[in-house]
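The next block holds one structure in the form of structure tokens; read it before the comments.
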Amino acid sequence: MKKNRLIPVLLLKNGWLVQSKGFNRYQNLGNPTTAVKRISEWGSDELIYLDISKTDEYSIRREDQNYPNRQSFLEIIEDVSKVTFMPITVGGKIESLSDIEERLKLGADKIAINTSVIDNPEFVLKCAKEFGSQCIVVSIDAKIKGSDYFVYNNKTSSIVDSKVTELSKLSEEFGAGEILINSVDRDGLGGGYDIDLIKKICSIVEIPIISCGGVSEWSHFHEALDLTKTDAVAAANIFHYRDQSVYLSKKYLYENNCNVRKPDLLKIN
């Protein structure tokens, strides 16, 4: 049986690794590579690395961080790929096939596309034809409006007139390999996943679903895996504040009979 995956999500904003809350408040955590190295050594299955910068300023302007001040996200991807031993999905500011090609050449294993899919869902079809469905993850940010879930556009900080279920189904039809579904309403609040949202998406698509948004305890991972058909559980903030967090969370899931790989710390010579 295919194993469920545990996937840390790292957010980059203008050169800094950040913690997000509600998609509108951000706290700087440090340089963009240190956490990647730790997460890799702690035995993470994969990593999702998203650039949420709204400008093209990436230099952290801090020589004391012992990290070179990079001028572009592409330079940061290249740095990150050198310190990890796990597959990386890279997203942010992807508007063309050449954008995808550049990121793959620099070490990304998969690509997450978000705003470009909102603007033109058929972009997924072009991406899948060029690079293969296994390479394309459609990232959808969901926000409650009335009695349903609608797509949230982080670039414009607004809800668009498209239901999450509709965009998820279109993404699958156009060849997406996976869907990353994130709850804006639960982002950074620590109340656990939106189980209803996850169930709704899992019920209408057959491709793998990665669930994100709201985790503050290991039990939240267990709850999503136990109550829904999600293929992977993802989170951001919870992995930053505890040593060996990825290993410990996977150990918790493994000991509670979740279908995850046996936890193991990467041995670095």
- Query: So between Lys37 and Glu173, what do we pick up on full extension, going 0.36 nm a residue minus the alpha carbon distance?
  - Reply: 45.4 nm
- Item | Cα-projected label distance for Glu101 with Asn120, points at 7 Å along beta-carbon direction, nm | 1.6 nm
- Query: Hey, what D do you get for the chain in µm²/s if you plug the Kirkwood alpha-carbon radius into Stokes-Einstein at 10 °C and 1.306 mPa s?
  - Reply: 86 µm²/s
- Item | Dipole magnitude of the chain, debye to nearest 20 (Cβ charges: Lys/Arg +1, Asp/Glu -1, about Cα centre) | 540 debye
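Arranged by the count of other C-beta atoms within 10 angstrom, fewest first, what order do Ser40, Ser249, Ser72 take? Display every interim value, and only then the final one.
Values: Ser40 20, Ser249 28, Ser72 13.
So the ranking, lowest neighbour count to highest, is Ser72, Ser40, Ser249.
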- Message: Taking the beta-carbon count within 10 Å as an exposure proxy, list Thr34, Thr156, Thr230 from fewest neighbours to most.
- Response: Thr156, Thr34, Thr230
- Note on the structure: Set Lys126/Lys169; Lys129/Lys199; Lys229/Lys250; Lys37/Lys105, cut-off 23 Å on Cα-Cα distance; pairs above it are Lys129/Lys199
- Item | Euclidean distance between Cα centres, region 22-52 to region 206-247, Å | 14 Å
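Specify the longest stretch of the chain that does not include any exposed loop site, a site being one of the GluC sites (Glu not before Pro) with a non-H, G, I, E, B DSSP assignment and at most 14 other Cβ atoms within 10 Å.
123-205
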- Sorting Cys127, Val138, His222 by the position of each Cα along the dipole of the chain (Lys, Arg +1; Asp, Glu -1; all at Cβ), the one nearest the positive end of that ordering is His222
- Query: Hey, what do the phi angles of region 242-255 turn into as Karplus ³J(HN,Hα) couplings, whole Hz, using 6.51/-1.76/1.60 and θ = phi - 60°, x for Gly and Pro?
  - Reply: 9, 4, 6, 4, 5, 4, 5, 5, 5, 4, 4, 5, 4, 6
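Estimate the FRET efficiency between Asn153 and Leu248 by the formula 1/(1 + (r/R0)^6), using the beta-carbon distance for r and 22 Å for R0, to the nearest 0.05. If you can, show how the numbers build up before the last one.
Numbers: r = 35 Å, r/R0 = 1.60.
FRET efficiency, Asn153 to Leu248: 0.05.
Taken together, the values in this text are just the output of simple stated rules run on the coordinates, not laboratory data. This is a predicted model, so every value here is computed, not measured. Here Cβ is always computed from backbone atoms with ideal geometry, including for glycine, and neighbour counts include all displayed protein chains.
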